[in-house]
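One structure is given here, and the rest of the page talks about it.
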Amino acid sequence: MSSASELKKGSYFIYNGEPVCVVRKEIVVYGTHSHSKLKLFIQGLNKKGERSINLHHTDKVEIVDIIRKTGQIISKAGNKVQIMDNVSYETLDGNAPEGLLNRLNEGDNVIFVEFKGNIQIIEKKQG
């Protein structure tokens with residue numbers, strides 16, 4: 001576990017059981033004794049808007065490495081999607097949020113992440 005002060009813009013960490021990315025980081029001074037806290041603006045993997053949270057500098061957070069990859073959709077059945085990794089040509093089973101799943105078709109290029117053994121499609125690539 002790392003301390004919250006080690007987080008930087010673009011870092012991923014676990015917040016409320018889900019991976020989130022640090023969009024912005026500010027130091028805010030509270031109270032009459034000038035105690036400071038970190039104000040982090042975070043964004044979930046599938047969420048477009050950002051929200052803010054306040055943490056003490058010494059709060060422990062679990063920093064995770066999340067690598068964004070590109071792939072191509074091979075097939076779609078129900079709420080499961082089969083993806084071919086564009087680098088390793090490996091076939092993977094993944095999930096997508098409901099709104100994105102309806103817009104995906106076979107042959108589409110997508111951006112996905114692997115987190116704790118689960119493949120999650122983040123967005124459909126244009127073009």
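What follows is calculated from the coordinates using simple rules that are stated; it is not laboratory data. Given the structure is predicted, the values throughout are model-derived calculations rather than measurements. Neighbour counts run over all protein chains shown; Cβ positions are idealised from the backbone, glycine included.
Tabulated values for the structure
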{"item": "Dipole magnitude (debye, nearest 20) for segment 2-64, charges at Cβ of Lys, Arg, Asp, Glu", "result": "220 debye"}
{"item": "Calculated FRET efficiency for the pair VAL23/ASN109, C-beta based, R₀ 35 Å, to 0.05", "result": "0.90"}
{"item": "Given LYS48/LYS116; LYS25/LYS47; LYS39/LYS124; LYS60/LYS80; LYS60/LYS116, the pairs whose alpha carbons are separated by over 29 Å", "result": "LYS39/LYS124; LYS60/LYS80"}
{"item": "In Hz, Karplus ³J(HN,Hα) per residue of segment 2-17 (6.51, -1.76, 1.60; θ = phi - 60°; x = Gly, Pro)", "result": "10, 8, 4, 5, 7, 5, 10, 4, x, 6, 10, 8, 8, 9, 6, x"}
{"item": "Linear extension gain, LYS9 paired with LYS48, 0.36 nm per residue minus alpha-carbon span", "result": "12.4 nm"}
{"item": "If the convex hull is drawn through the Cα atoms of the chain, its volume per residue in Å³", "result": "120 Å³"}
{"item": "Spatially proximal aspartates and glutamates relative to LYS8 (Cα-Cα < 14 Å; intrachain offsets below 8 disregarded)", "result": "GLU26, GLU62, ASP65"}
{"item": "Placed amide H near TYR15: partners under 5 Å, 5+ positions off or other chain", "result": "VAL20"}
